Amino acid sequence: EPCPVRTQTVTAPQSLFLMNSPEVEKASIEFADRVRKRAMDDLDEATGLLYRLTLSRPPNEKETRVAKDYLQGDPQRLRHLAWLLFNLDEFLYVR
């Protein structure tokens, strides 16, 4: 019997794998470096690029404000922001 809607399930090991995966950590570092270079170290531009490239949308005002506070003017923190975006449900699941 066809099922028009797939139920959404997430198990703890899936989330823990993404949070602790060396592959995700490496991807976050490389992605942040690429975005930082493309944005020429402009953190506002880099934040917008991170969102557009991971979530296919610009950040809203609140997300921009939170990201700016999180980055604290330090371009090295972009890798942590990239890691965070990679671990969002919005990045992981098509809705």
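The values are calculated or read from the model by the stated rules, or taken from the named source; none is laboratory data. Quick caveat: nothing in here was measured; it's all calculated off a predicted structure. Side chains included, ligands, DNA and RNA excluded: accessible areas come from the protein's heavy atoms. Shrake-Rupley method; radii C 1.70, N 1.55, O 1.52, S 1.80 Å.
Summary of values
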quantity	calculated
With every protein chain in place, the chain: carbon and sulfur % of accessible area (1.4 Å)	55
Residue-averaged 222 nm ellipticity for the chain, from DSSP H runs of 4+ at -39500 (n - 2.57), nearest 500	-20000 deg cm²/dmol
Chain lengthening between TYR93 and ILE29 when straightened (0.36 nm per residue, less Cα-Cα)	20.8 nm
Surface per residue (accessible, 1.4 Å probe) for the range 34-95, Å²	67
Angle in degrees between helix 22-38 and the longest Cα principal axis of the chain, rounded to the nearest 10	40
Acute angle (nearest 10 degrees) that the helix 43-55 long axis makes with the longest principal axis of the chain, alpha-carbon atoms	20
Overall dimensions of the chain as given by Cα atoms, namely Rg and Dmax in Å	15.0, 55
